[in-house]
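Down below is the structure, laid out as structure tokens.
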Amino acid sequence: MKTHHIIFAWIIVLVSMASCNTAPDLGIFEGNGDIGKVGHAGSVQFDPSGNSYTISGGGTNMWFESDELHYVWKQMSGDLSISADIRWVGEGLEPHRKACLIIRQDLDTGSVYVDAAVHGDGLTSIQYRGVTGGVTREVQANISSPSGVRIEKEGDYLSLSVDMGDGSFRPTGGTFKLPFNEPFYVGLGVCAHNNDNLETAIFSNVEIETLNPVPDSLKSIESTLETISVASFDRRVVYHTQSHIEAPNWTPDGSSLVYNSGGLLYRIPVKGGDPEPIPTGFATRINNDHGISPDGTRLVISDQTETRRSLIYTLPLEGGDPKKITPTGPSYWHGWSPDGKTLTYCAEREGNYDVYTIPVNGGKEKRLTTADGLDDGPEYSPDGKYIYFNSVRTGTMQIWRMKADGSEQEQVTTDEYNDWFAHPSPDGRWIVYVTFGTDVPAGSHPPNKDVMLRLMNLETGEVQVMARLFGGQGTINVPSWSPDSENIAFVSYRLR
């Protein structure tokens, strides 16, 4: 009898231990756990009735070179989307606590990842780390506190969509390129942003969908007007639209951006809002070569209305009747001298495209380059001593510069890529330009290509990749620096 009692007692203990060690029900996910050195262990509770997950997480941050969070995940491959409605539990202690949809390469603290992050204060962004142990970047959406968010992974491109309460997701813009090796991890995460705390969020209506390929011929273009910080390379969405827009200029007072779309010009506040058309009289075929005078009083446009060949005109900044500057075309404006007296442009004359200048009120044009092939994109340095331009004379499109009178032409970039449209910063420290891959012919700058925005330090010659995106023609054709040299405006695209 004594032996039987002992055996029965051990059975009770073993059953009890098995019950304590049973893994939580994770619904569609496979595993969960803390990443990084969190101060308090996180947890997850799954409610199948609402397909919801209540996740508590600690950790200092998901930023810089490493992450601390609680993560609920499954391994997957291929193109997919993950979406959820997100609601914080309680007011919390940190405005930058993060509830996220996350795709990670692995479960290490410094993993390559992308997330759709809803912060405690409502800030919504798509964040990413492009290399293991590298710094984190973000693209801030121009909306706050959505009821739902979704990440879409199509090939190597990642994008963010939000639901503002009407039950439908709409893209926020700011798509970027980030390859993942298969398989990768997909799931939900919470970071307290203070390692002494635990923060809790509820993810409901969680759904993971496999995305089937759609031919590009059945897709339409979407455009996103963005700014990017020189200090951090973080991006912020100004405006997202189903229309095709191009080539933002930054007004000298720093308050607005001007871009072209459908042959017209539009102005929009840098902080976001509704674009307003700029009256341009008869000129209704304006292309993406336009800009603003150094004193902020006039616009310059390149328009094809009169002759179907691009000619250059000026008009008041607020709009008005265009005044013709170049009687001969095609002529494509690119730069305005700092003293406001001279325009520089690319023009085709007798079968060759070269760089020219002309007095701002019209007169005789002066040819500055004579090399065979295409010379394009001329723009003055802020001190007026140099004109930067791109030239195909070496076999690939590279950035060059010359004295303002056309003398002392010298090559600036030397690599295997095709570099276009160098824009010097107002403080003279940098040039930013768009780079096409070797798959693009050297003399062309087509739309809808994988491109890089690159930044060169003019003192050291160091070149950094600011962003990898889908773009090209229209992304950054014309001067687009903020007047304080801290940000650059550009357009990214998506076929959807």
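Each reported figure results from applying straightforward, stated rules to the coordinates on display, with no laboratory input. All figures in this text were calculated on a predicted structure; none of them were measured in a lab. Quick reminder, even Gly has a Cβ in these numbers, built from the backbone with ideal geometry, and neighbours come from all protein chains shown.
Structure notes:
- Between ASN212 and ASP415, the FRET efficiency from the beta-carbon distance, with R0 = 41 Å, is close to 0.65.
- Whole-percent pair-distance distribution, where bins are 5 Å wide, for the alpha carbons of segment 31-210: 2, 9, 19, 24, 23, 16, 6, 1
- Segment 145-168-segment 440-496 distance, computed between alpha-carbon centres (Å): 25 Å
- Between LYS324 and LEU264, the FRET efficiency from the beta-carbon distance, with R0 = 22 Å, is close to 0.75.
- Cα long-axis angle, helix 2-20 against the chain (0 to 90 degrees, to the nearest 10): 20 degrees
- Aspartates and glutamates with Cα under 19 Å of LYS341, excluding same-chain neighbours fewer than 8 positions away: ASP289, ASP295, GLU365, GLU379, ASP383, ASP405
- A helix-only calculation puts the chain at -1500 deg cm²/dmol for mean residue ellipticity at 222 nm, using -39500 (n - 2.57) for each DSSP H run of at least four residues, averaged over all residues.
- Calculated on the alpha-carbon coordinates, the convex hull of segment 236-303 measures out at 85 cubic angstrom per residue.
- Gained length - ILE143 relative to SER168, 0.36 nm times residue gap less alpha-carbon distance: 7.5 nm
- Full-stretch length increase - ASP156, ASN352 - with 0.36 nm per residue and alpha-carbon distance subtracted: 66.7 nm
- Derived scalar couplings ³J(HN,Hα) [segment 443-449; Karplus, 6.51 cos²θ - 1.76 cosθ + 1.60; whole Hz; x for Gly, Pro]: x, 10, 9, x, x, 6, 10
- Zone residues, segment 224-247, relative to ASN448, backbone N less than 15 Å from point 7 Å out along Cα-to-Cβ: 243-245
- For PHE421, PHE233, PHE436, the sequence from fewest to most other C-beta atoms within 10 Å is PHE233, PHE436, PHE421.
- The phi-based Karplus calculation (6.51 cos²θ - 1.76 cosθ + 1.60; θ = phi - 60°) puts the 3J(HN,Hα) values of segment 187-202 at x, 10, x, 9, 10, 6, 6, 7, 6, 8, 10, 10, 10, 10, 9, 10 Hz, whole numbers, x for Gly and Pro.
- Sequence of GLU276, GLU462, GLU222, GLU350 once ranked by neighbouring C-beta atoms within 10 Å, starting from the fewest: GLU350, GLU462, GLU276, GLU222
- Cα pair distances of segment 393-496 binned at 10 Å [whole percent]: 14, 47, 33, 5, 0
- Förster-model FRET efficiency, 25 Å R0, ASP253 and LYS385, C-beta, rounded to 0.05: 0.45
- Correct choice for Rg and Dmax of the Cα atoms in Å that was computed from the model, options (1) 23.0, 84; (2) 21.5, 67; (3) 27.1, 116: (3)
- 29 Å Cα-Cα threshold exceeded, pairs from LYS324/LYS403; LYS98/LYS449; LYS98/LYS219; LYS74/LYS449; LYS271/LYS385; LYS364/LYS385: LYS98/LYS449; LYS98/LYS219; LYS74/LYS449; LYS271/LYS385
- 18 Å cut-off, amide nitrogen to a point 7 angstrom out along SER220 Cα→Cβ, residues in segment 250-275: 261-263
- Distance between the modelled labels on SER229 and ASP295, one decimal in nanometres: 3.6 nm (7 Å Cα→Cβ projection).
- Geometric descriptor of segment 278-482, per residue, is 120 Å³ (volume of the convex hull of the Cα atoms).
- Cubic angstrom per residue, convex hull over Cα atoms of segment 196-244: 213 Å³
- Potential lengthening between LYS366 and GLU486 on full extension [0.36 nm per residue; Cα-Cα distance subtracted]: 39.8 nm
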